[in-house]
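Worksheet: the structure to be examined is printed underneath.
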Amino acid sequence: MELSGGEILVQCLIDEGVEYIFGYPGGAVLHIYDALFKQDKVKHILVRHEQGATHAADGYARSSGKPGVVLVTSGPGATNAVTGIATAYMDSIPMVILSGQVPMAVIGSDAFQEADISGITRPCVKHNFLVKDVTKLASTIKKAFYLATTGRPGPVLVDIPKNLTDPRVKVPYEYPKTMTLRSYNPHVKGHRWQMKKAVDCLLEAKRPMIYTGGGIILGEASAELTELTRLLGYPITNTLMGLGAYPGTDKQFVGMLGMHGTYEANMAMHECDVLFAAGARFDDRITGIIAEFCPHAKIIHIDIDPSSISKNVRVDIPVVGELKPVLTEMIELVKSSDRKPDPVALTNWWKQIDGWRSLDSLGFDRDADVIKPQYVVEQLWEMTHGDAYITSDVGQHQMFAAQFYKFDKPRRWINSGGLGTMGFGMPAAIGTKLAFPDADVYCITGEASIQMCIQELATARQYRTAIKLVNLNNGYMGMVRQWQEFSYGSRYSQTYLEALPDFVKLAESYGHLGLRIDKKADVRPALEEAQRQKDRTIFLDFHIDPTENVYPMIEAGKAHNDMRLAPGVNPDAELA
Amino acid sequence: MSHIISILIENESGALARVAGLFSARGYNIESLTVAPTQDPTLSRMTLVTTGNPEIIEQITKQLNKLIDVVKLIDISESTHIERELMMVKARAVNGGREEIMRLTEIFRGNILDVTPTTYIIEITGEKSKLDAFLNTVGEDNIIEVVRSGTTGILRGERGLIV
Ligand SMILES: Cc1cc2nc3c(=O)[nH]c(=O)nc-3n(C[C@H](O)[C@H](O)[C@H](O)COP(=O)(O)OP(=O)(O)OC[C@H]3O[C@@H](n4cnc5c(N)ncnc54)[C@H](O)[C@@H]3O)c2cc1C
Ligand SMILES: Cc1ncc(C[n+]2csc(CCOP(=O)(O)OP(=O)(O)O)c2C)c(N)n1
Ligand SMILES: [Mg+2]
């Protein structure tokens, strides 16, 4: 089969099984768009800003586990995509970005809409390619998908000069079935001896703690993690990225850990004698001050990326490998071991943890007249039976969503943790809805974040992706305001949002439904209205308590056992 | 302590930028970096001299290994190895200085590559410390220009960095 470069690209996507491609046209990709026009297998989703394309592809990837695919033009198209690429990179999300480039003959001449996008993205992609030969196009695309989806996943960019897609130049096409690279051999199986050591150490623990993260979700290892955790009977905490990897309503789950984690999760981290870390990368939002991190613990760490191990915290028993096979083998090792978890020690440990738990560190004023953000999320959780897809933006609302929506399944919680990108939520919800057209997809957002990609309301309209926006409108960049309240003497420098739009009218002007909610009594009915809307996007603008803060909080430079608790929560009262 | 990391890397455009970018992005030191193709034209060999405590060196090697273009690497300073650097020095050589510099060049087993009535160009190879010592001995006042290749190295014996 002889095809032009543009046709090759499209055929590669078809052969790769790509369902959706999120993009925005321009001069350098015109040939490609023309090739797209002539087929109907790959559906193109026209966004309204290239950042939206990357976040939508990202939401599609996080919810479905399949790589997200993006197509942008050269120069400004490609640079607009950078924030979304970096977002995917920080959270290890599989994504393939195809960018048009100026023709090879003028590369380096400051040509119209030329940007060195391989140079610009080098630090925020797993890998990138500048294709220079049309006969290498198909194999390069295959490499890109292979790299993006194996090992530690991540975004891979392929930059394609315009002359390579010229419809007049046809070359033989063959899509490689498999790919190997001599320089890339991701570890899969764990080292048997290390796993044995890890299991011995786990079974000797008196105060064990399981700490897992996004890797469990990326590695599809929830079932194995759940089995192992139940087998051992040990407490488990998840990072922000790991929520849903273990059922959030299970009694062994002690909540999220870290800066805005629960009292019991953080205290258990501080007091544990064995820490079993899996698919988590010891981010500074979870370690607090490193010098006082898990001071009594022997640390076991499983990760597919050797560079995640002992990067921030020294690990005693490292296991490099893919979580699914490693956890499977560890379950067997636990079952076949003569050792059993020490029942007396474990009972005492749980007693201590339940004491911390009884503090109810996520408590909030349920009787308040004003709408509390926690209340909205809690109601949403109840109403959807914890079974909706929830995307979020960045800020207090994100933390409330993480704390109060108890995710029982993986891939239901879709947020930007590593980069913390405001503007992520709505396009990610669109991508999620495309992946799961029959599911309920909510985006929990804030009035500041939502405005960063507000233009994607048009995309939601064009493709009838009926998403549900829950705007926790506090009139502030709440998360920043909170820091200013705690650490800058309540000097609210530039965090008050004046001139907010009327979100109801705004939503309506895009052809969506809009509702403004000012009274607590209207919260549940509004959510139920949203739940009823199966065909239309609805924007719920909740006017919430503008002074609410996220608790607990480990402030910068503090340790796990040094949390700032909500006013009225007194740790000395524990166990009383 | 200095570490000498030898890297086999795909001879692709951008490969060098990936390595250099990694060091600047993560705040690692590079003392020197040399790169050239090997007998296999699809592979380049880099020698990178860096400093840092053992934890940092461990991260550096892990991060380098993570680069898709890196085929293989080894910290040769951890085993018996040979290291060499090439240096060319343009020195002021007038009056009695001419004799003196010639004598020093002999002691350091260097070669004089170019002679003018007022200058010499001297070539010296050796370990970094030997080159430093030569410069010290010649003295700053007599040195017009120095160019150094940066350290390269190779493991002794059967072991090596091969694919
Ligand atoms: C406003 C704000 C507040 C935040 N507060 C908190 C907080 O209180 N608590 C919190 O936890 N986070 C918080 N975060 C998020 C935080 O910044 C990090 O993104 C998060 O902690 C990282 O999660 P993780 O360790 O699970 O790593 P991820 O980024 O999910 O990394 C996954 C790890 O798993 C490995 N991995 C991937 N696939 C596999 C596989 N198949 N097999 C084995 N290993 C694999 C990867 O190599 C990597 O090391 C906050 C973020 C924001 C924006
Ligand atoms: C693109 C971007 N710019 C700035 C920030 C810093 N930042 C983090 S949270 C936040 C405020 C978010 O406000 P809002 O969306 O209203 O959420 P709230 O905290 O009020 O719930 C800001 C500005 C960021 N995370 N992302
Ligand atoms: Mg706000």
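We did not get these values from a lab; they are worked out from the coordinates using the rules stated. It should be emphasised that the depicted structure is a prediction, and the values quoted were computed from it without experimental measurement. As a convention, Cβ positions derive from the backbone with ideal geometry for all residues, glycine included, and neighbour counts pool all protein chains shown.
Structure summary
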| quantity | calculated |
| --- | --- |
| Along each principal axis, Cα extent of chain A, largest first, Å | 80, 60, 42 |
| Cα-based shape type of the stretch A:196-302, given that a ≥ b ≥ c are square roots of the gyration tensor eigenvalues and the cut on a/c is 1.5 | rounded |
| Normalised contact order of chain B, rounded percent, pairs of Cα under 8 Å and 6 or more residues apart | 28 |
| Cα gyration tensor shape of the stretch B:82-152, rounded if a/c is under 1.5, else prolate or oblate by comparing a/b with b/c | prolate |
| Most mobile of B:16, B:113, B:43 in a GNM of chain B (Cα contacts under 10 Å) | B:113 |
| Neighbour net charge for residue B:138 - beta-carbon separation under 15 angstrom, K R +1, D E -1 | -1 |
| Proximal charge balance of residue B:80 [Cβ under 15 Å; K/R count +1, D/E count -1] | -2 |
| Rounded to 10°, Cα long-axis angle of helix A:50-64 versus longest principal axis of chain A | 60 |
| Expected 222 nm ellipticity per residue - DSSP helices of 4 or more, -39500 (n - 2.57), all of chain B, to 500 | -9000 deg cm²/dmol |
| Whole-number D in µm² s⁻¹ for chain B, Kirkwood Cα-pair radius fed into Stokes-Einstein, 20 °C, 1.002 mPa s | 123 |
| Residue among B:150, B:97, B:126 with the largest mean-square fluctuation in a Gaussian network model of chain B, springs linking Cα atoms under 10 Å | B:97 |
| Rounded FRET efficiency, nearest 0.05, which uses the C-beta distance separating residue B:116 from residue B:140 and R0 of 25 Å | 0.80 |
| Computed [θ] at 222 nm, deg cm²/dmol, chain A (DSSP H ≥ 4; -39,500 (n - 2.57); rounded to nearest 500) | -10000 deg cm²/dmol |
| Formal net charge of residues neighbouring residue A:316 (Cβ-Cβ distance under 10 Å; K, R +1; D, E -1) | +3 |
| Helix A:373-383 vs. chain A, principal-axis angle (Cα, 0 to 90°, nearest 10) | 80 |
| Residue-span extension gain [residue A:185 to residue A:461] - 0.36 nm each, minus C-alpha spacing | 95.0 nm |
| Relative contact order of chain A, defined on C-alpha pairs under 8 angstrom at six or more residues apart (%) | 14 |
| Ratio of Rg to Rh over the stretch A:2-172 (Cα coordinates, Kirkwood Rh, two decimals) | 0.93 |
| Mean Cβ count within 10 Å, highest first, over the residues of peptides A:249-255, A:216-222 | A:216-222, A:249-255 |
| Exercise: per-residue mean of other protein chain Cβ atoms within 10 Å, B:14-20 | 2 |
| Degrees, to the nearest 10: B:15-25 long Cα axis against longest axis of chain B | 90 |
| Sites matching chymotrypsin sites (Phe, Trp or Tyr not before Pro) across the stretch A:475-528 that sit in DSSP coil, with at most 15 neighbouring C-beta atoms within 10 Å | A:488, A:492 |
